[in-house]
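Trainee: One structure, pasted below without further comment.
The values are calculated or read from the model by the stated rules, or taken from the named source; none is laboratory data. This structure is a prediction, so every number in the text was calculated from the model and none was measured. Reconstructed Cβ throughout: ideal geometry from the backbone, glycine too, with neighbour counts over all protein chains shown. Accessible surface is based on the protein model in full, side chains and every heavy atom, while ligands, DNA and RNA are left aside. Shrake-Rupley method; radii C 1.70, N 1.55, O 1.52, S 1.80 Å.
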Amino acid sequence: TTAFLSAVFLATCAGALGSFLYVIDGQNFLQQWIPDQVVFNVMVMFASLVAAFRTAHALENFVDAACYLHSLSASWFDAASSLIAFCKLSEAPEEKVNNFIQTLVRLISIMNALSLDSLQGATLGQSALHEFEVLDVHDLDEHTQDIILGSEHKVEAVFQMTQQLVVDGVHNGVLNIAPALVAISLQDLAAALMTYHEAKKLAEVKMPVSYQFITLLIQMTITTMVPCFIVMYVQGALSGFLYPFGGTFLLGFLNAVAESLHNPYRKSSRTLDSEGVQRQLNHQLETLVLQLHVGTPEYRPQQVLEGNQNSSAKRSTFANWTGSRTLYGSNSGEVKQEVVRRRSLVAVGEEDQEQTQAAQSGEQESA
């Protein structure tokens with residue numbers, strides 16, 4: 001919106017100047033003072049090259065920012081997924097394991113939210129900032145919350161807390177896994193932190209002042225020169241307004257869009273959905289916690305269940321498979337219902353098994 005309005009303002013000034021010159025000049029003054037048309041063509045070509053370079057640089061920033069955004073959340077999720085999977089073989093008390101998992105997912109959610117909040121810049125007003133959801137941050141102890149809020153470098157502080165949590169998990173037996181495998185998860189955390197610092201160059205490193213000045217000077221020169229040349233070839237005040245307006249608007253709009261894409265993480269740029277990525281990561285972390293209670297996948301081919309072991313493997317499309325068998329829904333509530341259903345099935349199966357064993361033992365005693 002800001003880019004469009006600024007381009008319209010400059011184009012309106014150029015169009016008004018063109019109409020004004022056509023009305024008061026009658027082409028006499030302009031023919032004496034305006035340089036040759038070749039000079040005008042060279043100036044327009046030079047301005048077009050600068051605008052093309054600026055636009056290409058802005059699009060490159062946008063692509064890099066999108067890659068960093070999704071790579072950041074993927075690295076956090078990868079580390080959390082590995083650490084939670086390691087807890088499945090833990091011999092520690094269930095309370096310790098649950099405390100480790102719940103603390104881990106909250107710290108991961110906080111780290112990603114703080115990273116994205118830092119990338120959009122702290123000098124903007126509150127209304128111009130993204131608002132990122134986190135997973136039940138108030139469930140953390142008061143001391144941890146005070147450290148996070150009082151730290152000058154919040155992302156690094158939470159990162160260190162997460163590493164300490166992992167090391168404590170290895171020490172107290174929650175992570176009953178080889179240290180080499182735990183080190184891979186720590187490397188994933190480090191990769192996410194490196195991605196965050198690489199993305200900061202797009203948010204904090206500004207264009208050189210000299211380049212910004214020359215770009216502004218070229219834009220103002222074009223805004224002034226275009227009406228002076230166009231008015232010599234138009235046949236009325238209306239055309240003297242429209243032609244300069246159109247040419248100046250295109251150049252000004254390209255430059256304003258490139259300026260807004262300098263930091264694509266800002267809410268004002270209206271490009272990247274950072275809030276959506278944060279919400280998606282939160283849902284993924286919730287799914288990780290729920291899937292901890294789901295049984296390990298097993299190989300049970302349909303041919304074996306039907307007693308036909310010599311049948312060739314059946315193939316089906318993903319659409320047909322999902323249409324015939326829906327395992328999980330689209331939200332964490334349906335996943336939770338599936339987990340509860342499986343728990344109830346397991347409990348009923350264990351109860352039936354106990355009743356069968358009791359009946360068999362009773363029959364053996366009677367015999």
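Trainee: Of all residues in region 232-255, count the ones that are surrounded by fewer than 23 Cβ atoms within 10 Å (Cβ to Cβ), small (Gly, Ala, Ser) and in contact (Cβ under 8 Å) with a residue 24 or more places away in the chain.
Mentor: The total comes to 4.
Trainee: If you don't mind, another one. For residue 210, work out the one condition from (1) small (Gly, Ala, Ser); (2) touching a helix residue (DSSP H, G or I) at 6+ places or on another chain (Cβ under 6 Å); (3) open to solvent by 30 Å² or more (accessible area, probe 1.4 Å) it doesn't fulfil.
Mentor: (2)
Trainee: Answer yes if at least one residue in region 267-274 is at pLDDT 80 or above, touching a Leu at 6+ places or on another chain (Cβ under 7 Å) and open to solvent by less than 30 Å² (accessible area, probe 1.4 Å), and no otherwise.
Mentor: Step one: filter region 267-274 for residues at pLDDT 80 or above, giving 272-274.
Going one step further and asking which of them are touching a Leu at 6+ places or on another chain (Cβ under 7 Å), we end up with 272, 274.
The next check asks that each one be open to solvent by less than 30 Å² (accessible area, probe 1.4 Å); those that pass are 272, 274.
Checked against the condition, which is being at pLDDT 80 or above, touching a Leu at 6+ places or on another chain (Cβ under 7 Å) and open to solvent by less than 30 Å² (accessible area, probe 1.4 Å), region 267-274 yields at least one hit.
Trainee: From 243, 211, 233, 196, which residue is in contact with a Ser or Thr (Cβ under 8 Å, 6 or more places away or on another chain) and among the aromatic types (Phe, Trp, Tyr)?
Mentor: Numbers: 243 fails: in contact with a Ser or Thr (Cβ under 8 Å, 6 or more places away or on another chain); 211 fails: in contact with a Ser or Thr (Cβ under 8 Å, 6 or more places away or on another chain); 233 fails: in contact with a Ser or Thr (Cβ under 8 Å, 6 or more places away or on another chain).
That would be 196, the only listed residue that is in contact with a Ser or Thr (Cβ under 8 Å, 6 or more places away or on another chain) and among the aromatic types (Phe, Trp, Tyr).
Trainee: While we're on this one: Could you list all residues from region 163-185 that are under 16 Å from residue 103 (Cα atoms), of a type in the set (A, V, I, L, M), touching a residue at least 24 places away in the same chain (Cβ under 8 Å) and assigned to a helix (DSSP H, G or I)?
Mentor: 165, 166
Trainee: In addition: For residues that are over 16 Å from residue 219 (Cα atoms) and β-branched (Val, Ile, Thr), tally how many sit in region 1-24.
Mentor: Counting residues in region 1-24 that are over 16 Å from residue 219 (Cα atoms) and β-branched (Val, Ile, Thr) gives 4.
Trainee: Can you name every residue in region 186-207 that is open to solvent by less than 80 Å² (accessible area, probe 1.4 Å), part of a helix (DSSP H, G or I) and modelled with pLDDT under 85?
Mentor: Scanning region 186-207 gives 202, 203.
Trainee: Here's a follow-up. Exactly one condition in (1) closer than 30 Å to residue 119 by Cβ; (2) part of a helix (DSSP H, G or I); (3) open to solvent by less than 70 Å² (accessible area, probe 1.4 Å) is false for residue 160; which is it?
Mentor: Evaluating residue 160 over (1) closer than 30 Å to residue 119 by Cβ; (2) part of a helix (DSSP H, G or I); (3) open to solvent by less than 70 Å² (accessible area, probe 1.4 Å) leaves (3) as the failure.
Trainee: In this structure, does residue 122 turn out to be modelled with pLDDT of 90 or more and either on the phi < 0 side of the Ramachandran plot or not β-branched (Val, Ile, Thr) (or both)?
Mentor: On the way: modelled with pLDDT of 90 or more: no; either on the phi < 0 side of the Ramachandran plot or not β-branched (Val, Ile, Thr) (or both): yes.
No.
Trainee: Assuming residue 252 fulfils every condition listed in (1) small (Gly, Ala, Ser); (2) more than 19 Å from residue 46 (Cα to Cα); (3) in contact with a Leu (Cβ under 7 Å, 6 or more places away or on another chain) apart from one, which condition is it?
Mentor: (2)
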